[in-house]
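Heads up, the thing below is written out as structure tokens.
The values are calculated or read from the model by the stated rules, or taken from the named source; none is laboratory data. Bear in mind that the values here come from a model prediction, so they are computed numbers and not experimental data. Here the Cβ positions follow ideal geometry from the backbone for every residue, glycine too, while neighbour counts run over all protein chains shown. Keep in mind that these areas ignore ligands, DNA and RNA; they rest on the heavy atoms of the full protein, side chains included. Shrake-Rupley method; radii C 1.70, N 1.55, O 1.52, S 1.80 Å.
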Amino acid sequence: MDRTERFYTIDRMMRARQGTTLREMMDVMEISRATIRRDLEYMRDRLAAPIVWDSEDRRYRYDEQEERSE
């Protein structure tokens, strides 16, 4: 799976489930923790994806406030 496909998969997983765990992403895409962290950082920094860590639910999700303002 190339990087673009991973970005699409991450986006799909976050929208379908109102968030996803690091483990779920690693398992579905069969990639390492370091790779998924790099992908999330790239999506946040370069693609302006409003990805946040929800410590209460212990999952990554899109920041609802950011999505509404766009």
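Side notes on the structure shown:
- Output for the range 1-47, where each listed residue is among the hydrophobic types (A, V, I, L, M, F, W, C) and open to solvent by 70 Å² or more (accessible area, probe 1.4 Å): Met1, Ala16, Val28, Leu47
- Screening Gln65 against (1) assigned to a helix (DSSP H, G or I); (2) touching a strand residue (DSSP E or B) at 6+ places or on another chain (Cβ under 8 Å) leaves a single unmet condition, (2).
- For the range 19-38, a tally of residues being of a type in the set (Asp, Glu) and within 12 Å of the chain's Cα centre (by Cα) returns 1.
- In the range 1-33, the residues that are assigned to a loop (DSSP other than H, G, I, E, B), closer than 20 Å to Val52 by Cβ and modelled with pLDDT of 95 or more: Thr21
- Taken over the range 1-46, residues that are of a type in the set (S, T, N, Q) and touching a strand residue (DSSP E or B) at 6+ places or on another chain (Cβ under 8 Å) amount to 3.
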